1. Polar (S, T, N, Q), closer than 30 Å to residue 20 by Cβ and exposed (fewer than 12 other Cβ atoms within 10 Å of the Cβ): is that true of residue 96 in this structure?
2. Only one of (1) touching a helix residue (DSSP H, G or I) at 6+ places or on another chain (Cβ under 7 Å); (2) in the same structural domain as residue 4 (by TED's automatic domain parsing) fails for residue 54. Which number is that?
3. Only one of (1) assigned to a helix (DSSP H, G or I); (2) loosely packed, with under 10 Cβ neighbours inside 10 Å; (3) under 24 Å from the mean Cα position of the chain (by Cα) fails for residue 69. Which number is that?
4. Here's a check for you: in the range 41-99, which residue that is modelled with pLDDT of 85 or more and polar (S, T, N, Q) is nearest to residue 26 (Cα to Cα)?
5. Could you tell me how many of the residues in the range 32-48 are more than 25 Å from residue 58 (Cα to Cα) and part of a helix (DSSP H, G or I)?
6. With the requirement that a residue be of a type in the set (D, E, K, R) and without any contact (Cβ under 8 Å) to a residue 60 or more places away in the chain, what does the range 19-73 give you?
7. Scan the range 73-86 for residues that are surrounded by 11 or more Cβ atoms within 10 Å (Cβ to Cβ) and assigned to a helix (DSSP H, G or I) and report the count.
8. Which members of the range 23-37 meet the condition of being farther than 10 Å from residue 49 by Cα and surrounded by 12 or more Cβ atoms within 10 Å (Cβ to Cβ)?
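The values are calculated or read from the model by the stated rules, or taken from the named source; none is laboratory data. What you are looking at is a predicted structure, and each value in this text was computed from that prediction instead of being measured. Note that each Cβ is placed from the backbone with ideal geometry, even for glycine, and that neighbours are counted across all protein chains shown.
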Amino acid sequence: MLDRLVSSVSRMAAYVAAMVMAGMTLVVLLEIVVRTFFATTTAVAEELVGFGLASLVFLALAHTMDRGALIRVDLLLIRLPDGARRVVELLCIVTSLAATRPTTSAASSTWRRWRS
């Protein structure tokens, strides 16, 4: 019973996320038209799209988790054979870990300086 309720709510949130995405598209198109033809701006497009993006992520997250999916782009990975896919994913993991090293180092240094 609870699973059905959660599934229904997450599905509704996904529909709302789709509507938010459509609204963001319309706001950007409106901004383009206003700037092109009237040499002015709506002055709120950036904020609306930013808030829309944040809400879009969180609204779609429940549905994504409910389906057991991952949030990632795999346009290239789905076309690779299994061996090549594993190599590319391992390369991505190593690159991600290497990219986080400066951040963890800076955080550790900041923590040590703050404590002293």
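1. Numbers: polar (S, T, N, Q): yes; closer than 30 Å to residue 20 by Cβ: yes; exposed (fewer than 12 other Cβ atoms within 10 Å of the Cβ): yes.
So residue 96 fits the description; yes.
2. Against the list (1) touching a helix residue (DSSP H, G or I) at 6+ places or on another chain (Cβ under 7 Å); (2) in the same structural domain as residue 4 (by TED's automatic domain parsing), residue 54 comes up short only on (1).
3. Unmet for residue 69, out of (1) assigned to a helix (DSSP H, G or I); (2) loosely packed, with under 10 Cβ neighbours inside 10 Å; (3) under 24 Å from the mean Cα position of the chain (by Cα): (1).
4. First, pick out the residues of the range 41-99 that are modelled with pLDDT of 85 or more: 41-61, 79-99.
Right, trim to polar (S, T, N, Q) and you get 41-42, 55, 95-96.
Working: 41: 14, 42: 12, 55: 16, 95: 37, 96: 35 Å.
Step by step, filter the range 41-99, then rank; the result is 42.
5. 7
6. Applying the first criterion (of a type in the set (D, E, K, R)) to the range 19-73 yields 31, 35, 46-47, 66-67, 72.
Within the range 19-73, 31, 35, 46, 47, 67, 72 qualify.
7. Looking only at the range 73-86, we keep the residues that are surrounded by 11 or more Cβ atoms within 10 Å (Cβ to Cβ), and these are 74, 77, 80, 84-86.
Narrowing further to those that are assigned to a helix (DSSP H, G or I): 77, 84-86.
So the count comes out to 4.
8. Hits for the range 23-37 are 30, 31, 34, 35.
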